[in-house]
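Computed from the coordinates by the stated procedures, all read-outs in this text should not be read as laboratory data. Because the structure is a prediction, the values reported are computed rather than measured. Cβ coordinates were reconstructed from backbone atoms using ideal geometry, including for glycine residues, and neighbour counts include every protein chain displayed.
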């Protein structure tokens with residue numbers, strides 16, 4: 001595990017530098033199209049259809065978050081409650097945890 005950490009501590013910064021450098025190269029090669037691209041981005045972002053899509057998307061995300069947090073699925077809070085339970089035998093608590 002230390003070896004993996006050492007290798008990734010070297011590779012990840014190099015990958016980030018290469019990614020940013022290639023991004024700047026691509027922008028540099030297409031610099032004449034930059035004003036058109038920025039204009040298109042701003043005009044499409046302020047369109048009523050885009051605004052409606054943003055509201056709909058955020059409503060969906062909020063609904064999904066509320067649904068997930070209400071049942072605590074996959075959040076890992078059940079083991080915390082089980083660890084603090086006072087039971088006569090650990091098997092009793094395990095049986096309850098299997099059902100939850």
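The angle between the Cα long axis of helix 34-45 and the longest principal axis of the Cα atoms of the chain comes to about 50 degrees, rounded to the nearest 10.
Calculated mean residue ellipticity, 222 nm, the chain: -26500 deg cm²/dmol, from DSSP H runs (n ≥ 4) at -39500 (n - 2.57) each, averaged per residue and rounded to 500. Computed from Cα positions, the angle between helix 48-71 and the longest principal axis of the chain comes to roughly 20 degrees. Rounding to the nearest 10 and keeping the result within 0 to 90°, find how far the Cα-based axis of helix 2-29 lies from the longest principal axis of the chain. Around 30 degrees separate the two axes. Taking label points 7 Å from Cα along the Cα-to-Cβ direction, residue 18 and residue 33 give a separation of 2.4 nm.
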